[in-house]
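First comes the structure, then the notes that go with it.
Computed from the coordinates by the stated procedures, all read-outs in this text should not be read as laboratory data. Fair warning: this is a prediction, and the values are worked out from it, not measured in the lab. No Cβ is skipped: glycine too gets one built from the backbone with ideal geometry, and neighbour counts run over all protein chains shown.
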Amino acid sequence: MLARWSKLRPRPSRHPLAVVSIASLTVLAVFLALVAVALGERGAASGGGQAAPTPAAPLGVCGDLPTHAIRETRGMTLTTVVNIDFPSEPGLPEEVVKREYLEWLDLAVAQRHNAIFVHIRPSGDAFWPSEYAPWSEWLTGNRSGEGPGWDPLAFMIEEAHKRNIEFHGWFNPYRGGQPGPRGPGGDIDNLAPNHPLRQHPEWAIVYPVGVAGANTSGSRLYFDPGNPDARRYIEDSILEAVAKYDLDGVFFDDFFYPYPENGQEFNDDASYARYGGGMSRADWRRANVDTFVREMSERIKQLKPWVKFGINPFGIWRNVSNDPELGSQTRGLSAYDEIYADTRKWVREEWLDYIAPQLYWHIGFERADYATLVEWWSRQIEGTRVQLWIGHGDYRIGEPGPWSDPAELDRQLTLNKQYPVTGGVHYTAHSIRNDVLGAVTRYRDAHYYAPALPAVMPHLPANPPPQPVVSEAVVDDTGQVTLRWQGEGATSYAIYRYGEGDATAELVATVRASGEGEQSVVDVPGGPGPYGYCVSGLDRTWNEGPASAPVTVALDGGGGDE
């Protein structure tokens, strides 16, 4: 993503866990330099005719200055079910779908996002040619199961990576379809001919059921979470996408067992009788979801250890009234008790790489205060390797009451800086594009004012690239700077810039590597020079190697000199 910061300006307070202090980096650079000198003297004194080894380039410095990059994941959901965001309507031609998607990526770049969460399995279907699921009707416009003649998922991932944006595939595991009349409702015969629930009706459960049976408005089909064969099939269908495509992450939202409706019970009597094993039904249901989450975690890492696995669950695990010792000071639905999602356990067991609870409530909301919940979730990740990202409710902006204040999300993002929050997932894309009340622009300018690198996950594979070598820095008559460098082993590159008198070299852009060999980027400083630049390599999981030697440019149309 060639995200440019047009001018250097004072920064808001930095996240305590995401930024290393300038003083610490300076001390580290001096220490490494002294160690390098000492090693050189020792090698010279040892004789033997062997040259002293070349000291490794220090990390986190650009010449004499520390480098500074904000470390946080920023992204938005791109929702495909019933065409909430994308495509704008079902059955569009390939060129229109592609154009719309590129426009969404343009929005992500403008927001200085570094991730996107795309709904590629909304309801037992697929946005890729799958052996396990029919093509999504929200793409093709029909339930024939026949494809559009091209591969949307391959295109979407490639284009996101061109902009150095992570692509997280968003999957709904248990939903088999959407309610009628737009979806197939609860009637298996309305599904695509190759839908797995038509082939395995014993896996299907209709919920809710009304006086008209499966055709009741609101009824839909679910895969039975208590059926081991259905569970394995769902896992295999998701892992098919992980194996075939260059996904950066696997992302689930809050839908596991359905939310209660009309006081009805989810009719899993048959599977409970067969597989319940003497557990209470509630414990058995939680165990079913636990098993699914654990197996997905294990199988993703076996297949591709660098792929992140995260869940975006309902924001309340349990209330203090449900669990006086561990519950939150809230009075809302309990995910543990009502939809059988033991989200806290998933964190404590470290089955996830990140958790992004949906905190779609305002600060001060009596039943579920945003401030209370961000503090509660921060305590749950303590002592684990799981990162805390927050699911933000951009869709609520403009609602009557507190959400009519355009500063609500701005305040939430400010509050996050008091806690170990290393990411944000904004729901949903059209709300960001609409920018009601100017609220999105407000929080972007206050918090996403510069590009960011995703926070490193130390437990994922790491292979920091070697130091790049800048070969050319040229500024043209318009003040546009072109940098060229040689690099190897990098997935992407970070570009740092500093002005005269600056205390740090700031991240101003990231770009995806274009193979091995020469790379380039264009920057527009937007102010008086001279300017210095350094380039560092980043591996697949955002571990950073040493920065290049600095190169300087003047804004008089002349070239650069190292």
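Which net charge results when you count Lys and Arg as +1 and Asp and Glu as -1 among the other residues whose beta-carbon is under 10 Å from that of Gln358? It would help to have the intermediate numbers written out before the result.
Numbers: positive: none; negative: Asp253, Asp254.
With Lys, Arg at +1 and Asp, Glu at -1, the net is -2.
Relative to the longest principal axis of the C-alpha atoms of the chain, give the angle of the C-alpha long axis of helix 281-303, reported between 0 and 90° and rounded to the nearest 10°.
The angle comes out near 40 degrees.
For Ala407, what charge total do you get from the other residues with a beta carbon under 15 Å from its beta carbon, if Lys and Arg give +1 and Asp and Glu give -1?
Details: positive: Arg396, Arg411, Arg442, Arg444; negative: Asp394, Glu399, Asp405, Glu408, Asp410, Asp435, Asp445.
Counting the neighbours of Ala407, the net charge comes to -3.
If the chain between Asp189 and Gln418 were fully stretched, how many nm would it gain, using 0.36 nm times the residue separation less the Cα-Cα distance? Intermediate values should be presented prior to the final figure.
On the way: separation 229, 0.36 × 229 = 82.44 nm, distance 5.24 nm.
Between Asp189 and Gln418, full extension yields an extra 77.2 nm.
Dipole of the range 427-482 (Lys/Arg Cβ +1, Asp/Glu Cβ -1, origin at the Cα centre): which of Thr428, Thr441, Thr478 lies farthest to the positive side?
The listed residue farthest towards the positive side: Thr428.
Please report the net charge: other residues with Cβ closer than 9 Å to the Cβ of Arg433, K and R +1, D and E -1. It would help to have the intermediate numbers written out before the result.
Values: positive: none; negative: Asp85, Glu103, Asp435.
Counting the neighbours of Arg433, the net charge comes to -3.
Sorted from largest down, give the three principal axis spans of the alpha carbons of the range 305-352, whole angstrom values.
The Cα atoms of the range 305-352 stretch 39, 18, 16 Å along the principal axes, largest first.
So if I place +1 on the C-beta of Lys and Arg and -1 on the C-beta of Asp and Glu, and nothing else carries charge, what would the dipole magnitude of the chain be about its Cα centre? I want it in debye, nearest 20.
Values: 49 positive and 72 negative charges, 188 e Å.
It comes to approximately 900 debye.
At q = 0.18, 0.20, 0.25 Å⁻¹, what is the base-10 log of I(q)/I(0) for the range 368-435 according to the Debye formula with one equal point scatterer per Cα and no solvent? Please give it to two decimals.
Those come out to -0.72, -0.85, -1.17, one per q.
Where Rh is the Kirkwood radius over the Cα pairs of the range 74-133, the temperature 20 °C and the viscosity 1.002 mPa s, what D in µm²/s does Stokes-Einstein return?
Values: Rh = 12.4 Å.
Translational diffusion coefficient: 173 µm²/s.
Ranked highest first by average number of other Cβ atoms within 10 Å, how do 476-484, 500-508 line up? Don't jump to the answer; show the numbers that get you there.
Values: 476-484: 15.0, 500-508: 17.3.
Highest to lowest by the protection proxy: 500-508, 476-484.
Stick to the Cα atoms of the range 411-532, pair each with every other, and give me the Kirkwood hydrodynamic radius in Å at one decimal. Display every interim value, and only then the final one.
Numbers: mean 1/r = 0.0572 Å⁻¹.
The answer is 17.5 Å.
Given (1) 1.05; (2) 1.24; (3) 0.96 as candidate values of Cα Rg over 2.2 N^0.38 Å, which corresponds to the one derived from the coordinates?
(1)
Given charges of +1 on the Cβ of Lys and Arg and -1 on the Cβ of Asp and Glu, with all other atoms neutral, how large is the dipole of the range 371-446 about its Cα centre, in debye to the nearest 20? Could you put the intermediate results ahead of the total?
Working: 8 positive and 9 negative charges, 46 e Å.
About 220 debye.
May I ask for the distance between the Cα centers of the range 489-531 and the range 450-476, given as a whole number of Å?
9 Å
Could you compute the FRET efficiency for Asn262 and Glu131, with r as their C-beta to C-beta distance and R0 at 41 Å, rounded to 0.05?
Details: r = 37 Å, r/R0 = 0.90.
For R0 = 41 Å, the calculated efficiency reads 0.65.
Would you work out if the range 469-512 is rounded, prolate or oblate? Take a ≥ b ≥ c from the square roots of the eigenvalues of the alpha-carbon gyration tensor; rounded if a/c is under 1.5, else prolate when a/b is larger than b/c, oblate otherwise.
Details: a/c = 2.02, a/b = 1.25, b/c = 1.62.
Verdict is oblate for the range 469-512.
Where both residues lie in the chain, what percent of DSSP beta bridges are antiparallel, nearest 5? Walk me through the numbers on the way to the answer.
On the way: 42 of 80 bridges.
If I count the DSSP bridges inside the chain, around 50 percent turn out antiparallel.
May I ask which residue of His195, Pro87, Gly383 lies farthest towards the positive end of the charge dipole of the chain, with charges of +1 (Lys, Arg) and -1 (Asp, Glu) on Cβ and the Cα centre as origin?
Checked the options; the winner is Gly383.
For Ser514 and Phe155, what is the calculated FRET efficiency with R₀ set at 22 Å and r taken between the beta-carbons, to the nearest 0.05?
Values: r = 18 Å, r/R0 = 0.83.
Result of the calculation: an efficiency of 0.75.
Label the range 347-492 by shape, choosing from rounded, prolate and oblate, from the square roots a ≥ b ≥ c of the eigenvalues of the Cα gyration tensor; if a/c is under 1.5 it is rounded, and otherwise prolate applies when a/b is larger than b/c, oblate when it is not.
Values: a/c = 3.18, a/b = 1.40, b/c = 2.27.
It is oblate, given that a/c is not under 1.5 and a/b is not larger than b/c.
What is the dipole size for the range 173-304, taken about its Cα centre, with +1 at each Lys and Arg Cβ and -1 at each Asp and Glu Cβ, in debye to the nearest 20?
Values: 15 positive and 20 negative charges, 22 e Å.
Its charge dipole is roughly 100 debye.
Of Gly327, Trp128, Gly526, which is farthest along the charge dipole of the chain in the positive direction, counting Lys and Arg as +1 and Asp and Glu as -1 at C-beta?
The Cα lying farthest towards the positive end belongs to Gly327.
Please work out how much length the chain gains when fully extended from Arg281 to Gln480, using 0.36 nm per residue of separation minus the C-alpha to C-alpha distance, in nm with one decimal.
Numbers: separation 199, 0.36 × 199 = 71.64 nm, distance 6.52 nm.
Length gained, Arg281 through Gln480: 65.1 nm.
How large is Rg/Rh for the range 74-219, to two decimals, with Cα atoms and a Kirkwood Rh? Walk me through the intermediate numbers first.
Working: Rg = 16.1 Å, Rh = 15.9 Å.
Taking Rg over the Kirkwood Rh, I get 1.01.
Does the range 189-295 come out rounded, prolate or oblate by the C-alpha gyration tensor, with a ≥ b ≥ c the root eigenvalues, rounded set by a/c under 1.5 and, if not, prolate when a/b is larger than b/c and oblate if not?
Numbers: a/c = 1.73, a/b = 1.24, b/c = 1.40.
Oblate, since a/c reaches 1.5 and b/c is not below a/b.
List nothing, just return the count: lysine pairs in the chain, 8 or more apart or interchain, with Cα separation under 16 Å. Provide the component values of the computation, followed by the final result.
Numbers: Lys98/Lys162; Lys244/Lys301; Lys244/Lys304; Lys244/Lys308.
Counting lysine pairs in the chain gives 4.
Give me the number: length gained by fully extending Glu103 to Ala407, i.e. 0.36 nm times residue separation minus the C-alpha to C-alpha distance, one decimal in nm. List each step's numbers first, then the result.
Numbers: separation 304, 0.36 × 304 = 109.44 nm, distance 2.64 nm.
Result: 106.8 nm gained on full extension.
Alpha carbon centre of the range 350-374 versus the range 102-169: separation in Å?
28 Å
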